[in-house]
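Asks: Have a look at this one before I ask anything.
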Amino acid sequence: MPASYAYLGPEGTFTEVALRTLPEAATRELIPYVSVQSALDAVRVGEAEAAFVPIENSVEGGITATLDELVAGTPLMIYREVLLSITFALLVRPGTGLADIKTVSAHPAAQPQVRNWMKKHLPDAHWESAASNADAARLVQEGQYDAAFAGAFAAARYGLTALETGIHDAENAQTRFVLVGRPARPAAATGADKTSVVLWQRDDHPGGLRDLLGEFATRGINLMLLQSRPTGAGIGNYCFCVDAEGHISDRRVAEALMGLKRICREVRFLGSYPRADKDAADLRAPLAGTSDEEFMAASDWVARCQDGRF
């Protein structure tokens, strides 16, 4: 396996900045790819050890390109996550002013984060989506568009000028990135972990989603992400991407996954990994009986009953 990490490129993306915060990135060759799909496929075919891609932002929620790639195709697993605060700069060729800007480009996930700023400052500019924010900067450099929303750090790399900086519609906006590799044994629990799965219902019926969520709720497991994605099997056919607090080695999480495996048509395990915010799972006081010790005690009681030792 090559000692390399694929990431959503080209050079100068927020993804690259976030990736370089991982200590192990200093010991790997970092290879940019033109799309999330191509970066993840590099892992699937053995061109890279892992891929680093955006998966969620605090303004629009899940990044559909990443979620759909994790839902379909050869299974992959999440090993790490990184949170990065995001503000944009408006990058232009030297000499360009706001009045000169007729076309603007960036990754589609950037648009909801700058929409109001554009409405106020560039009301007549036409939006064009790019494969990444850095790729938008490259297209501006080549003259295809007048301006790009990207990180200010990308300006020097593409010979552009940051006409405006600190652009964001929402305060404290963050993007979450994940390091994805081939399936293997999850890292040991840290006490502040997250478990990701994809769930497919056996059939569409009233209360179906409630049944899935009940497996978490009755065990006191808090959900951090719940997003439906179309399966491609027709209108109304969806699977559910879920991030839950806890680690698969936690008894309550393991029992929830077993319950889901019983009632779902399919469950895809996407990994248990340390939370970037390092916050421990919140076992809410009203939900008594949700600790690992209480699960183990209940299991021991059932075993004693089976042995006639109750």
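Asks: Looking at region 230-252, I want the residues that are hydroxyl-bearing (Ser, Thr, Tyr) and have a partner that is open to solvent by 10 Å² or more (accessible area, probe 1.4 Å) with Cβ atoms under 6 Å, at least 6 apart or on another chain. Which pairs are those?
Replies: 231/237; 238/228; 238/230; 249/189
Asks: Of everything in region 170-199, what is under 26 Å from residue 108 (Cβ atoms), of a type in the set (D, E, K, R) and buried (at least 17 other Cβ atoms within 10 Å of the Cβ)? Give them in sequence order.
Replies: Correct list: 176, 194.
Asks: Just checking, how many residues over region 148-182 are among the aliphatic types (A, V, I, L, M), part of a loop (DSSP other than H, G, I, E, B) and in contact with a strand residue (DSSP E or B) (Cβ under 9 Å, 6 or more places away or on another chain)?
Replies: Number satisfying all stated conditions: 3.
Asks: Separate question: What is the number of the single condition among (1) open to solvent by less than 40 Å² (accessible area, probe 1.4 Å); (2) of a type in the set (A, V, I, L, M); (3) free of Cβ contacts under 8 Å to residues at least 12 places away in the same chain that residue 99 does not meet?
Replies: Answer for residue 99: the failing condition is (1).
Asks: What residue, among those in region 218-249 that are touching a Ser or Thr at 6+ places or on another chain (Cβ under 6 Å) and in a strand (DSSP E or B), is most open to solvent (accessible area, probe 1.4 Å)?
Replies: Residue satisfying both the conditions and the ranking: 238.
Asks: Further question on the same structure: Condition test on residue 190, is it in the same structural domain as residue 261 (by the TED database), assigned to a loop (DSSP other than H, G, I, E, B), under 28 Å from residue 48 (Cα atoms) and within 23 Å of the chain's Cα centre (by Cα)?
Replies: Taking the combined requirement at face value, the residue satisfies it.
Asks: Which of the following residues is assigned to a helix (DSSP H, G or I), open to solvent by 50 Å² or more (accessible area, probe 1.4 Å) and in the same structural domain as residue 280 (by the TED database): 252, 262?
Replies: Only one candidate passes the filter, namely 262.
Asks: In region 108-137, how many are assigned to a strand (DSSP E or B) and surrounded by fewer than 16 Cβ atoms within 10 Å (Cβ to Cβ)?
Replies: Summing the residues that are assigned to a strand (DSSP E or B) and surrounded by fewer than 16 Cβ atoms within 10 Å (Cβ to Cβ) in region 108-137 gives 3.
Asks: Hey, another quick one. Residue under question is residue 305, and the condition is that it be farther than 21 Å from residue 69 by Cβ and either not in a loop (DSSP other than H, G, I, E, B) or not assigned by the TED database to the domain that holds residue 62 (or both); does it hold?
Replies: yes
Asks: Out of 67, 8, 40, 30, report the one residue that is open to solvent by 20 Å² or more (accessible area, probe 1.4 Å) and either under 20 Å from residue 111 (Cβ atoms) or touching a Ser or Thr at 6+ places or on another chain (Cβ under 9 Å) (or both).
Replies: Matching residue, one of 67, 8, 40, 30: 30.
The rows are residues; the columns are (1) of a type in the set (Val, Ile, Thr); (2) within 19 Å of residue 107 (Cβ to Cβ); (3) buried (at least 16 other Cβ atoms within 10 Å of the Cβ); (4) modelled with pLDDT of 95 or more.
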| site | (1), (2), (3), (4) |
| --- | --- |
| 18 | no, yes, yes, yes |
| 36 | yes, yes, yes, no |
| 49 | no, no, yes, yes |
| 61 | no, yes, no, no |
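The values are calculated or read from the model by the stated rules, or taken from the named source; none is laboratory data. Treat the numbers as computed from the prediction; the structure is a model and nothing was measured. We place every Cβ from the backbone using ideal geometry, glycine too, and count neighbours over all the protein chains shown. All accessible areas refer to the heavy atoms of the entire protein, side chains included, with ligands and DNA or RNA removed. Shrake-Rupley method; radii C 1.70, N 1.55, O 1.52, S 1.80 Å.
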